[in-house]
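Below is one structure, written out as structure tokens, with a few remarks after it.
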Amino acid sequence: EETNTPVVIEGATENWPALEKWNDQNYLIRATNGNAFRATSACAPLPAQFTMESYRRYSENAVEEMPLYLFDRNFDKLAPRLLDDYQSALYESCPYFDPTAEDGLRHDLFSLLGENRRPDHRWLIIGPKQSGSAFHIDPNATHAWNAPIVGRKRWIFYPPGVPPPGVLPSSDGDEVTMPISIGEWYLSFWSAHVKQRRHPDPTKRPIECTVSPGSILFVPHGWWHTVMNLDSVGIALTQNYVSKSNLSDVLRFCKRKQRQISGCRDRSDQGAIQPERLYDEFVRVLEERCSNSGNDSLDLAAVKEQAEKGWCCAAWNDDDDDDGCKNAASQQQRNKSVLDQAKDYLKGDIGVEGASGFSFSFNFQT
């Protein structure tokens, strides 16, 4: 975490009961008791609702380029048995995530806000082969862990401040233009990606990995990443959190990026803290916890001072015009239509080497 670098911890989840139980799809159907879960896709205009049985039928026959991807934040309430299948084992294998542990203050600091008041943070993810998520940065400057339970996942990471080829974020990160599907990105920008692997500056090179059941992946804040399921069925768990290592950036994000805060706006009736209050409430519970526990491992005054000074991670900045002429050119490019921007990429007019033509020649080590 301190180096803010992706890492795979092999064997960390081998003893989770979910690894055995969830391979039986009939068990999942029974455990979810006919409840409906949310599924979506970059190509879908609206999310869909599936029972586990209906989603199994759909995924077995899915032929579209971007299949619907079950991505549900309420599974712990809809199917508590699924939570029981891994949560205790998680706390045993990764005790620093246990909010009741003696040093619990050091990890998942958003948990101090309360389960219903904090932003969304826990998801069940299920999809067929070739489903996944397009390039994105995780919300609210949070870290995350991701554990595949069934099937392997292929990850591509780009360092903070280094957008992947074909991905055009605005300077403040509020808007992103990119290919609509994972397959489109692979087809159109794989050559540019291969060239970026050999960038003379190692800090600008992408990182790739395949993560299998039994392992857990640390996803650091501010890193661009895309994920693709490699096997016929992919089931995973993921959870976002705030620790000491990204706390100053989270505080700065909550204070300066309120328009981008997610995971709470549609839950005001459930007590979720709304973006305009999140910074103040988070600081309040941090101060209260530090005062009551006498825990001196977190120097909150120093963290707040760093948050006021600037970002520790290069993924964000505060000013749309702080890049001068270069940023003005980027803004002009973003004002073009998506089609025109794609044409510019393929012509090489905006400085993405290797993006001319199509290439889809890569090999996954399995």
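Quick notes on this structure:
- Of the listed requirements (1) basic (Lys, Arg); (2) in contact with a Leu (Cβ under 6 Å, 6 or more places away or on another chain); (3) open to solvent by 40 Å² or more (accessible area, probe 1.4 Å), ARG154 misses just one: (3).
- Among (1) at pLDDT below 95; (2) exposed (fewer than 11 other Cβ atoms within 10 Å of the Cβ) - the single one ASN317 does not satisfy: (2)
- The single residue among ILE180, ILE137 that is touching a Cys at 6+ places or on another chain (Cβ under 9 Å) and either in contact (Cβ under 8 Å) with a residue 24 or more places away in the chain or under 18 Å from PRO6 (Cα atoms) (or both) turns out to be ILE180.
- Test: residue in segment 137-155 that is part of a loop (DSSP other than H, G, I, E, B), over 15 Å from the mean Cα position of the chain (by Cα) and at positive phi: yes
- Scanning segment 34-53 for residues that are open to solvent by 60 Å² or more (accessible area, probe 1.4 Å) and either at pLDDT 95 or above or of a type in the set (Gly, Ala, Ser) (or both) turns up ARG38, GLN49, GLU53.
- Checking ALA134 against (1) open to solvent by less than 40 Å² (accessible area, probe 1.4 Å); (2) outside any strand (DSSP E or B); (3) of a type outside the set (Val, Ile, Thr), the condition it does not meet: (2)
- Filter pass, ARG252 being over 30 Å from TYR55 (Cα atoms) and touching a residue at least 60 places away in the same chain (Cβ under 8 Å): yes
- Of the candidates ARG122, ARG118, ARG81, ARG56, the single residue that is within 28 Å of GLN274 (Cβ to Cβ) and surrounded by fewer than 21 Cβ atoms within 10 Å (Cβ to Cβ) is ARG122.
- Pairing residues of segment 14-33 that are touching a residue at least 60 places away in the same chain (Cβ under 8 Å) with residues that are surrounded by fewer than 20 Cβ atoms within 10 Å (Cβ to Cβ) and aliphatic (A, V, I, L, M), at Cβ distances under 6 Å and at least 6 apart in sequence or on separate chains, gives ASN15/ALA89; TRP16/ALA89.
- Residue selection: SER191 fails the criterion of being in a loop (DSSP other than H, G, I, E, B), more than 16 Å from the chain's Cα centre (by Cα), surrounded by 17 or more Cβ atoms within 10 Å (Cβ to Cβ) and polar (S, T, N, Q).
Table: residues versus (1) crowded, with 18+ Cβ neighbours inside 10 Å; (2) hydrophobic (A, V, I, L, M, F, W, C); (3) within 20 Å of GLY127 (Cα to Cα).
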site: PRO206; (1), (2), (3): yes, no, no
site: CYS209; (1), (2), (3): no, yes, yes
site: SER215; (1), (2), (3): yes, no, yes
site: ASN229; (1), (2), (3): yes, no, yes
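- Filtering segment 290-308 to residues that are at pLDDT 80 or above, small (Gly, Ala, Ser) and open to solvent by less than 60 Å² (accessible area, probe 1.4 Å) leaves ALA302, ALA307.
- Only one entry of ALA314, ALA307, ALA272 meets the criterion of being of a type in the set (A, V, I, L, M), closer than 25 Å to PRO163 by Cα and not in a helix (DSSP H, G or I), and that entry is ALA314.
- Yes/no for ARG277 being more than 30 Å from THR5 (Cα to Cα), modelled with pLDDT of 95 or more and open to solvent by 40 Å² or more (accessible area, probe 1.4 Å): yes
- Yes/no for THR5 being open to solvent by 40 Å² or more (accessible area, probe 1.4 Å) and among the hydroxyl-bearing types (Ser, Thr, Tyr): yes
- Test for SER268: is it of a type outside the set (Lys, Arg), more than 16 Å from LEU112 (Cα to Cα) and free of Cβ contacts under 8 Å to residues at least 12 places away in the same chain: yes
- Residue within segment 249-256 that is touching a helix residue (DSSP H, G or I) at 6+ places or on another chain (Cβ under 9 Å), under 29 Å from TYR86 (Cα atoms) and part of a loop (DSSP other than H, G, I, E, B) present: no
The values are calculated or read from the model by the stated rules, or taken from the named source; none is laboratory data. The structure displayed is predicted, hence computed values, not measured ones. Note that each Cβ is placed from the backbone with ideal geometry, even for glycine, and that neighbours are counted across all protein chains shown. Just the protein is used for accessible areas: all its heavy atoms, side chains included, with ligands, DNA and RNA removed. Shrake-Rupley method; radii C 1.70, N 1.55, O 1.52, S 1.80 Å.
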